[in-house]
Amino acid sequence: MSEMWINMGPQHPMTHGLWNLRVKIDGEIVLDVDPEMGYLHRGIEKISEDRHYNEIITLMDRTCYVAGIAWEHLFILAAEQALHVEPPERALWIRMLSEEFQRVASHLMWYAAFVQDIGLMSPFLYGMRDRDLVLDLFQSYTGGRLTYEYMRVGGVRNDLPPGFAEQARKVCDWLLDRFVEYDRLCSGSDIFHRRCDDLGVVKAQDCIRLGITGPMLRSAGVPRDLRKDRPYAAYDRVDFDVATAETADVTGRYVVRMEELRQSVRIIRQALDWLDKNPGPVMADNVPRWMGAPYAPVGREGYLLKREYPKGVGFSAIEEPHGEALAYVVNEGGEHPYRVKLKSPVFVNLSAARHYLVGYRVADIPPIMGSVDICVGEVDR
Amino acid sequence: MGRLSAAKPVLTTPAAAPTAEDSPLPMATEPAVPFIEIETLRAREFLPAAKEALGSLLSEQAQGKLIRPMFNWAGRNSLFPLHWGLACCAIEFAAAFGARWDAERFGVVPRSSPRQCDLLIVNGTVTWKVAHKLITLYEQMPEPKWVIAMGNCATGGGPFRTAYSVVPGVDKLVPVDVYIAGCPPRPEALLDGILRLEQLIKERKE
Amino acid sequence: MEGEELSRRLVGKFPAVVVEPFRETAGRVRFPPEILLDLFREMRDGLGFDHLGQVGAIDWVEEREVFYTLWSDREKQYVFLSTRVPASAPHLESLTPVFSSANWHEREAWELVGIEFDHHPDLRPLLTPTGYEFHPLLRSFQLHEPEGLEVKVRDV
Amino acid sequence: MAESEPTPSSNPVLWVAKPLVTAARQFGKSLFRPSTIVYPFERLEDPKFRGAVRVAPGKPIGVGQVWDNYRGVHALNIDTCISCNLCAFSCPDLCIDMVTVPGGDPRHPKKCPQIDYGKCSYCGFCSDACPEGCLTMTTRYELSVSKRADMIYSPERLREVFNAKLPMSPIRVERPKNEDAILLDAPLCIGCNACARDCPTKCITMVDLPKPVPKGGEKLPKRIWKEPVVNDSDCVRCGTCISVCPKECLFWGTHR
Amino acid sequence: MAPLSLYGVANTLVSTLLLHLAAVLPAPLSTLASNSGLITALSVLLFGAILLGASLLNTILLIWFERKMLGRFMDRRGAMHVGYAGLLQNFADGLKLFRKHTFKPRDADGLGFFSAPTAYMVTSIVMFGILPISTGWNSGSLPLSLLLALVVFSFAPLFIFLGAWSSANKYSLIGGMRSAAQMIAYEVPILLAVVAVILLSGSFDLSTIVAEQRNYWFWGPLFLALLVFVAGMLAEMERIPFDLPEAEAELVEGWNTEYGGMLFAFFMLADYARALVGSYLIVLLFLGGWTMPGWVPAPLTNFPLAGILWFQVKTYLVFGVFIWVRASLPRVRTDQLLRVGWMRMIPLALLSIVLAALVVLAKCLPVFGCVPSVGG
């Protein structure tokens, strides 16, 4: 069989999104890999140069549609630094609670897609059913299932509804014993281990050289987690530990993500206790006047500025469910940001595809790509 | 924020630089993939003898009364959508096949190959780069086929319709039968859209 | 490691470098484009900033700024480096010899803001639709709602 | 360090024991009542799901009180709408246009928002920005049409949604405290009464100015000796007066 | 009461029909009623029609059974809104596929592309004629019926490979090669496991095999052969954990990527026909066919169609196990699959033959309390 390039093209059950993996194969072995991106490039950075700061939140939700509120949090931290605004204490805790719920929902979505690639059919349904529970909680306090538009510069849109904490604790209990069931379905069965052990191996030094972050890096034994190393929101006042594994292969990433699910539930519980005990405002009071929607927005033709507004630059980095995401906002004193630059962790993890795909079999590509947990929206922006 | 009116650009842009109007619309100029040229064997010609025999046996009106409704019932109760997710609506498309809103109750089973599908649910933002691949997929589907534009990105470009790389609505590429509003529409709204398509098929007697 | 300590160690080797404090990071380093490669080698080997975060580009109409973010596992901090190239000749040395992960970042910076990275392994477009010869993130490019596309109707 | 699963068991039967047992238990639980909600006939917002979290095996899984502030189709109360254009300004997708509502006196037609649901991304900015609270989002989510034009909801259709009395969001958005006020740059003003005429809440009153005596030979500016005074409590900060003023003498400022 | 046989029923039906017809028809045609050649021809035709109709309905019921049970494993309801509890769902799928256009890709070669699904369908349907489901159900005592069944059963990989290669698509080519390799790798252990059964029962005729199992079913002494046979059947039917050729994740749809409309309906129906036939074989060879163990109370076993009913119940239970396996296990990779097939399955099958031989030897001294006629 001579070498031939096959297209695991934009429409392929393995890709879970719009990207094309051109693979050069010789029989079963993969010789070379060329990921082709850009099928979902919506020019979000260009559009956000045209919108007010709070209106960019609608774009951030749709950038990474599996971890919407984490990307809102990323942009808001950068925008608040650029606009010199400090959110109140309670808003920080609510943001951390939302990000941890989003990590649970994102990892459950990863679990549903990952096991389907290996061939398990029923856990996809279990994963989606339990993820719907978390989306119900999101819907009860933000108003949306997948696109929340919840965070604002200076705080969050509204406070948690009454009776939310009690329901959230019930969902946490339900999820904890579902995770035990997931483990039994997956890492309990030997076929899973035969399919996933020492597959797509990326050692620690290679990870750092290639710039890989997130669960892929932690599965190689490097305990790097931005929530611990560079705490933002209220992560320094909550105790949790960083999930790592030694095997640096697909099973290692599975174990790391399942452990992160448990740690997230632990953080959520502590956040709920704190939020119960200290009520307070959720919106800063020095939000700049010309902020635009949805407060008193400016006139359609633009704003007759009578005075200069402070310029500024904002930089933020958060531990998004897929890895470390960075944002950089330049505020030139106008109503719109001059430039918004976003960096997605999957963009870098995917650029190292040649490292962890070459040499394995064609049948191994789906489990490896499943363990990388690709969200194409944030790669193409 | 009169951002969109080309007359008064808000962006501080020097007058001399070429504006977007001069540069041609960014159509996908890559030649369409030389996809398989289909020699369509229409089922009707495929069995010409059977048609005449049936025609003679049953009068045209009885055939219309008996055969067409039966195939219409079959066609509308087993819609096989294409297993293809574009953007955020694909997550709600997957949730619609999850355990809580089981779309398989209506006989809707996603298939991976366009050959075996008769429903293309466009769930997400269609960009110019994926446009001709979408048209290729649509043409690979056998004839009685329908298209559902799920979500605002497929209906009219949604929040990104002003972007340089987004097709403002999939009805510019393929004929669309049902539009579902929402950003993203709930899984129930998708099921409601599928039920409306079934109603449409029944009325149009396809 | 605050701004001054970083500037003390850098200015020794690279006089043309300006370091200023930047909130919650090790500092913001502005450097001329010529000393790019050896400055980054020094940052990686000398100061331990071994992980490249991002490579971004901004169009200031008369000149274009390229900024880098490095992370050091030792000091658990980010550092911000930026340089400016004239808009008429936006050429810059590629960072791939020092950080191989800069490959895709530079491809994206090239196609969106139009900064030519010399000696880059394969400078193909990554995100924009194929055959698209305009750099969209330049200030001179205006967003507009495309008109003149007719709706396809079903030939029932 | 996360305890990873024990190394795979050597005995082949144990290879597959755990997953089979787990799947069998799930089969038993959901044999009579799987957690599927039979959509056209059962809905998640039915009262029987509303109570507590039905998080028990075999029950339809759901979290109650989920629906109060779901952002669905809008409901518009045309009578309380003061057509202040705030919803149209604050929409990020430009999907709200102000159209004249039939009825009312022809000389001053009343404009109300018309929403194009093909473009709306359900962000809720318009319902947050509406000062009178007449445009709120209900929990109706089904909206599938076969013709694109049916997605454009005129104010009358929005009023029908309002009359349907669907549950609406009880959560009101906290507005920032430091809202600026409208200030006047007195010398520029020529007293043309444009702002008072167009103010939706009619909170600008024109106060006559004492006509100054021309000292020395300098000419008096040709203007109407009246000056707008803004009633700060009624003003909804819609900015119409600023954009309508020919001399651009009104601006946002703070009284300090 | 004489055992009810399908042929007997068909014969009486045809003869009474002709009698009534003769009374009505004018003189020259009335002699037809007594013409015995016509009666036997028509009754054979009717017998074939009933057999085919019942088997296809049984296959479609099996598809419905799988979709509902798989749904219950996944905590959801299967097909529900088409007909009562989704019974008509598969009829709707079949009718719709029947009506769709048939595409032939440009550089696919016509002969192979169209003949493969039809041949694959024919070989699966013929199996229903060979396997006896109860005493009178069909061909009765055909001396080498088991051998004939296995030969026809093993035609499938040829047609799958023909279809895959002729549809000129990279994915289906890879899928076709994999499925051919997998099926051939697993046919050998199946044949060896069948040898163990033949050793114990003494004849190739399925009816006598079932007769042998009157008082003890073969899965007792031949448990290892049963395991090997079931694993082989899983691979033959291409079901998880051995369904790699049609593995959605890698090769889109495996070898039937290019098939749509009627041809795809043939492939799908033939797949489930082979699954039904596989379950029939397991029940016939190891679970005692239509015989009932002694402890079942009398009224349950002697009503007229008891044999067929108990046979179907056992078949659906066996298929339930296959669904259970499909819902809970991941897919095995190709090379692991083939290594297990050659390196693990064949030695186990040989071991089961040795065990069967020991059991036959032991029969001379009544150890298990089972005293079969052979060798006694």
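Read-outs: derived from the displayed coordinates by stated rules, not from any lab. Owing to the predicted nature of the structure, the values given are computational and were not obtained by experimental measurement. Positions of Cβ are generated from backbone atoms using ideal geometry, with glycine treated the same way; all protein chains shown enter the neighbour counts.
Using the number of other C-beta atoms within 10 angstrom as an exposure proxy, rank B:Met70, E:Met345, E:Met74, B:Met150 with the fewest first.
Numbers: B:Met70 13, E:Met345 22, E:Met74 28, B:Met150 32.
With the fewest neighbours first, B:Met70, E:Met345, E:Met74, B:Met150 line up as B:Met70, E:Met345, E:Met74, B:Met150.
For the range A:236-270 and the range A:357-381, what is the centre-to-centre distance using only Cα atoms, to the nearest Å?
Centre-to-centre distance over Cα atoms comes out at 21 Å.
For chain C, modelled as a GNM with alpha-carbon contacts under 10 angstrom, which of C:Gly56, C:Gly12, C:Gly114 fluctuates the most?
Maximum fluctuation in the GNM of chain C, among the listed residues, is at C:Gly12.
Grab the beta carbon distance between C:Ala87 and A:Asp197, set R0 = 51 Å, and tell me the FRET efficiency rounded to 0.05.
0.45
Note down the magnitude of the dipole of the range B:76-204 about its Cα centre, charges +1 on Lys and Arg C-beta and -1 on Asp and Glu C-beta and zero elsewhere, to the nearest 20 debye.
On the way: 14 positive and 12 negative charges, 42 e Å.
Around 200 debye, computed over the range B:76-204.
When chain E is modelled as a GNM with alpha-carbon springs shorter than 10 Å, which of E:Phe218, E:Phe103, E:Phe91 fluctuates the most?
So, out of E:Phe218, E:Phe103, E:Phe91, the one fluctuating most is E:Phe103.
Simple spin-label model, 7 Å along Cα-to-Cβ: A:Glu246 to C:Arg41 in nm?
For A:Glu246 paired with C:Arg41, the spin-label model returns 3.7 nm.
Using Cα centres only, tell me the gap between the range A:72-137 and the range C:38-66 in whole Å.
31
Mind telling me which of C:Leu37, C:Leu70, C:Leu127 comes out most flexible in a GNM of chain C, alpha-carbon contacts under 10 Å?
Among C:Leu37, C:Leu70, C:Leu127, the largest mean-square fluctuation in the Gaussian network model of chain C belongs to C:Leu127.
Which order do peptides D:232-244, B:73-85 fall in by mean Cβ count within 10 Å, highest first?
Numbers: D:232-244: 18.0, B:73-85: 23.1.
In decreasing order of mean packing, D:232-244, B:73-85 become B:73-85, D:232-244.
If the chain between C:Arg9 and C:Arg23 were fully stretched, how many nm would it gain, using 0.36 nm times the residue separation less the Cα-Cα distance?
Working: separation 14, 0.36 × 14 = 5.04 nm, distance 1.95 nm.
Taking 0.36 nm per residue and subtracting the Cα distance, the gain is 3.1 nm.
List, largest first, the extents of the alpha carbons of the range A:1-141 along their principal axes, each in whole Å.
Per principal axis, max minus min of the Cα coordinates gives 65, 37, 19 Å.
If a/c stays under 1.5 just call it rounded; otherwise compare a/b with b/c (prolate if a/b is bigger, oblate if not). Do that for the protein assembly as shown, with a ≥ b ≥ c from the square roots of the Cα gyration tensor eigenvalues.
On the way: a/c = 2.26, a/b = 1.74, b/c = 1.29.
Because a/c hits 1.5 or more and a/b exceeds b/c, the protein assembly as shown counts as prolate.
Antiparallel versus total DSSP beta bridges in the range B:76-204: what percent is that, nearest 5? The partial results should precede the final answer.
Working: 1 of 11 bridges.
So the antiparallel bridges in the range B:76-204 amount to around 10 percent.
Quote the FRET efficiency, to the nearest 0.05, computed for D:Glu227 versus D:Glu156 with a Förster distance R0 of 56 Å and r equal to the Cβ-Cβ distance. Before the final figure, lay out the partial values.
Numbers: r = 40 Å, r/R0 = 0.72.
Efficiency for this residue pair is about 0.85.
With a 10 Å Cβ neighbour count serving as the proxy for reagent exposure, in which order, fewest first, do B:Glu104, B:Glu139 appear?
Numbers: B:Glu104 22, B:Glu139 14.
Fewest-to-most Cβ neighbours within 10 Å comes out as B:Glu139, B:Glu104.
Cα axis of helix C:102-113 to longest principal axis of chain C: angle in degrees, 0 to 90, nearest 10?
That works out to roughly 50 degrees.
As I understand it, the dipole of chain E uses +1 on the Cβ of Lys and Arg and -1 on the Cβ of Asp and Glu, about the Cα centre. Which of E:Asn11, E:Ser134, E:Ala185 lies farthest toward its positive end?
E:Ser134
Report, in degrees rounded to the nearest 10, the 0 to 90 angle that the Cα long axis of helix A:250-277 makes with the longest principal axis of chain A.
Approximately 30 degrees, to the nearest 10.
Once a ≥ b ≥ c are taken as the square roots of the eigenvalues of the Cα gyration tensor of the range E:62-194, is the result rounded (a/c under 1.5), prolate (a/b larger than b/c) or oblate (a/b not larger than b/c)? Show your work: numbers first, answer last.
Values: a/c = 1.61, a/b = 1.02, b/c = 1.58.
Taking the square roots of the gyration eigenvalues as a ≥ b ≥ c, the range E:62-194 is oblate.
Taking the Cβ-Cβ separation of E:Thr31 and E:Ser5 as r and a Förster radius of 30 Å, what is the calculated FRET efficiency to the nearest 0.05?
Efficiency computed from Cβ-Cβ geometry: 0.60.
Report, ordered by chain and residue number, the lysines lying within cross-link reach of D:Lys219, taken as a straight Cα distance under 22 Å and ignoring same-chain residues fewer than 8 apart.
Partners found: D:Lys211, D:Lys247.
Can you flag which of E:Lys96/E:Lys314; A:Lys343/D:Lys119; A:Lys24/E:Lys170; A:Lys46/D:Lys111; C:Lys152/D:Lys119; B:Lys133/E:Lys96 are past 23 Å Cα-Cα? Please report the intermediate quantities before stating the final value.
Working: E:Lys96/E:Lys314 32 Å; A:Lys343/D:Lys119 28 Å; A:Lys24/E:Lys170 13 Å; A:Lys46/D:Lys111 33 Å; C:Lys152/D:Lys119 19 Å; B:Lys133/E:Lys96 26 Å.
In this structure, E:Lys96/E:Lys314; A:Lys343/D:Lys119; A:Lys46/D:Lys111; B:Lys133/E:Lys96 lie more than 23 Å apart at Cα.
Between E:Asp335 and E:Tyr84, 0.36 nm times their residue separation minus their Cα-Cα distance comes to what?
Working: separation 251, 0.36 × 251 = 90.36 nm, distance 4.38 nm.
Length difference between fully extended and current span is 86.0 nm.
Let a ≥ b ≥ c be the square roots of the eigenvalues of the Cα gyration tensor of chain E; is it rounded (a/c under 1.5), or, if not, prolate (a/b larger than b/c) or oblate?
Values: a/c = 1.72, a/b = 1.07, b/c = 1.62.
Oblate shape, in that a/c is at least 1.5 and b/c is the bigger or equal ratio.
Which distance in nm do the two modelled labels at E:Leu13 and D:Phe32 give, with both placed 7 Å along the Cα-to-Cβ direction?
Those two pseudo-labels are separated by 4.1 nm.
Before rounding to the nearest 500, sum -39500 (n - 2.57) across all DSSP H runs of length at least 4 in chain E and divide by the residue total; then give [θ] at 222 nm in deg cm²/dmol.
Numbers: 15 runs with 244 residues, N = 376.
The helix-only estimate for chain E comes to -21500 deg cm²/dmol at 222 nm.
What lysines sit close enough to A:Lys277 to cross-link, taking a C-alpha to C-alpha distance under 30 Å and skipping anything fewer than 8 places away on the same chain?
Cα-Cα hits under 30 Å: A:Lys170, A:Lys228, D:Lys177.
Order these by the 10 Å Cβ neighbour count, fewest first: E:Ser36, E:Ser134, A:Ser187, E:Ser115.
On the way: E:Ser36 8, E:Ser134 23, A:Ser187 20, E:Ser115 15.
Ranking E:Ser36, E:Ser134, A:Ser187, E:Ser115 by Cβ neighbours within 10 Å, fewest first, gives E:Ser36, E:Ser115, A:Ser187, E:Ser134.
How far apart, in nm, are the 7 Å Cα→Cβ label points at D:Ala149 and E:Leu144?
According to this spin-label approximation, the distance is 7.5 nm.
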